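Worksheet for the structure shown next.
The values are calculated or read from the model by the stated rules, or taken from the named source; none is laboratory data. What you see is a predicted model, and the numbers here were worked out from it, not measured in a lab. Cβ placement follows ideal geometry from the backbone for every residue including glycine, while neighbour counts extend to all protein chains displayed. Just the protein is used for accessible areas: all its heavy atoms, side chains included, with ligands, DNA and RNA removed. Shrake-Rupley method; radii C 1.70, N 1.55, O 1.52, S 1.80 Å.
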Amino acid sequence: MKALVLEKAGQLSLRDIYIEEHFGVDDVRIKVHTVGICGSDVHYYRHGAIGPFVVKHPMVLGHEASGTVIEIGNGVKHLKVGDRVCMEPGIPDPNSKATRLGMYNLDPSVRFWATPPVHGCLRETLVHPGMFVFKLPDNVGFDEGALTEPLAVGVHAVRKARIKPGDMAVVVGAGTIGIVTAMAAMAGGCGKVIVADVVQEKLDLATSLGMIAVNAIRDDLNVIVAEVTEGWGADVIFEASGSEAAVSRVFEPLCPGGRVVFIGMPPHPVPVDIVSAQVKEARIETIFRYAHAYPGAIRLIESGKVNLKPLVTDRYRFEDSIKAFEYAANPRPSSVKTVIEL
Ligand SMILES: [Zn+2]
């Protein structure tokens, strides 16, 4: 079948590829409709590796996908042929200890699309376990289906923060993950959400979504948070930038007894002043992807509490996938999400 294949760092081709797929009773075959390009796809394209994951053989990219069910195993009861669906891209070993404990995202043997050596979803069709395929409500489109993947990260982060009604949250970083986290925080009960970044175009989007935008080049985040909270500090801070400078100062705008959730992944170890967290008895949480977050994310979209439509800023056809990646590697500053439509 036709697929967008990363041959090696910097070299993509749209070509036929044979992918061995076993279709079992609990599986679903899906015709792929829309795929979002993620920062990790672009990173593999440019560098051929993320940390220990190195592209050694040609690999199909993409992990944010929606599509239509075209074949169904006898054991799958919650779907039928013709259903519009989105897919959770990580497949754990169902018998692993982590999976049995409910933390299937932490299963060391999880197979995640477009994380070498596992092929991704930028291809015509794919086979996926039914338990990781979710029906889209009638009012949720294919774009939003594909973007359920990043939203699931935000939902997972917000659950880890254990938000209380009216909480004041700060999201550091206004990339896709920062914005969907801020959306999930608002939908999850926060009374105010401040989003900080250094790119004004990204902050303009945050403002248009009802968040308080802080340009960290022009303004001091600590001062703004103090103004908004009468000097108390933010109840929750979501670190979604992965930037060394931001991470090292992350506890400064936090209130006593507050919570910090680390979402962004700094490329190198970052020195952090532990005492600045201790004097506030900060509760520190981390996340790695998500578990059990898709159904909740889909309900937020269906109910209108989260509107992902403004995040789709750029669209390419499957035939132009290579162009799409060249663009996504060097996008205009106001670009949020580039999608490819098959
Ligand atoms: Zn992603």
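At-a-glance table
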| item | result |
| --- | --- |
| Accessible area expressed per residue, the chain, with surrounding protein chains retained (probe 1.4 Å, Å²) | 45 Å² |
| Tensor-based shape of region 198-253 (alpha-carbon gyration tensor, a/c under 1.5 rounded, otherwise prolate or oblate) | oblate |
| Highest-MSF residue in the chain out of Leu254, Leu61, Leu106 [GNM, Cα springs under 10 Å] | Leu106 |
| Percent carbon-and-sulfur accessible area, region 286-342, ignoring ligands, DNA and RNA, probe 1.4 Å | 49 percent |
| Positive-end residue, region 243-342 charge dipole about Cα centroid, Cβ charges, pick of Ala245, Leu300, Ile263 | Leu300 |
| Order of exposure, largest accessible area first, which applies to Thr148, Thr313 with probe 1.4 Å | Thr313, Thr148 |
| Within the accessible area of region 182-227 (1.4 Å probe), percent carbon and sulfur | 56 percent |
| Apportionment of accessible area to carbon and sulfur, region 66-162, percent (1.4 Å) | 56 percent |
| Stretch in the chain that is longest and holds no GluC sites (Glu not before Pro) that DSSP places in a loop and that have at most 16 other beta carbons within 10 Å | 125-229 |
| Integer Hz, Karplus 6.51/-1.76/1.60 couplings in order for region 12-20, x for Gly and Pro | 10, 9, 9, 8, 6, 9, 8, 10, 6 |
| Long-range HN-HN contacts of Arg315 with modeled amide H, under 5 Å | Val339 |
| Inter-centroid distance (Cα atoms) of region 247-284 relative to region 1-64, Å | 35 Å |
| Residue with peak Gaussian network fluctuation, the chain [Cα springs, cutoff 10 Å], from Arg259, Arg15, Arg111 | Arg15 |
| Under 5 Å, built H, 5+ apart or other chain: amide partners of Asp26 | Gly75 |
| Top positive-direction residue, dipole computed over region 95-181 with Cβ charges, set Gly175, Ala146, Ala98 | Ala98 |
| Cβ charges +1 (Lys, Arg) and -1 (Asp, Glu), total dipole of the chain, debye | 480 debye |
| Size of charge dipole - region 16-68 - debye, nearest 20, with Cβ of Lys, Arg +1 and Asp, Glu -1, no other charges | 240 debye |
| Per-residue ³J(HN,Hα) for region 253-269, Karplus 6.51 cos²θ - 1.76 cosθ + 1.60, θ = phi - 60°, Hz, x for Gly and Pro | x, 7, 7, x, x, x, 10, 10, 10, 8, 10, x, 10, x, x, 10, x |
| Percent of beta bridges antiparallel (DSSP, region 152-217, rounded to nearest 5) | 0 percent |
| Anisotropy class of the chain from Cα gyration tensor, a/c 1.5 cut | prolate |
| Simple Cβ-charge dipole of region 219-342, Lys/Arg +1 and Asp/Glu -1, about Cα centre, in debye nearest 20 | 540 debye |
| From phi via Karplus (6.51, -1.76, 1.60), per-residue ³J(HN,Hα) for region 277-282 in Hz, x at Gly/Pro | 7, 5, 5, 10, 6, 5 |
| Loop sites in region 170-229: trypsin sites (Lys or Arg not before Pro), DSSP, at most 12 other Cβ within 10 Å | Arg218 |
| The chain: most fluctuating residue of Gly189, Gly75, Gly39 per GNM, C-alpha cutoff 10 Å | Gly75 |
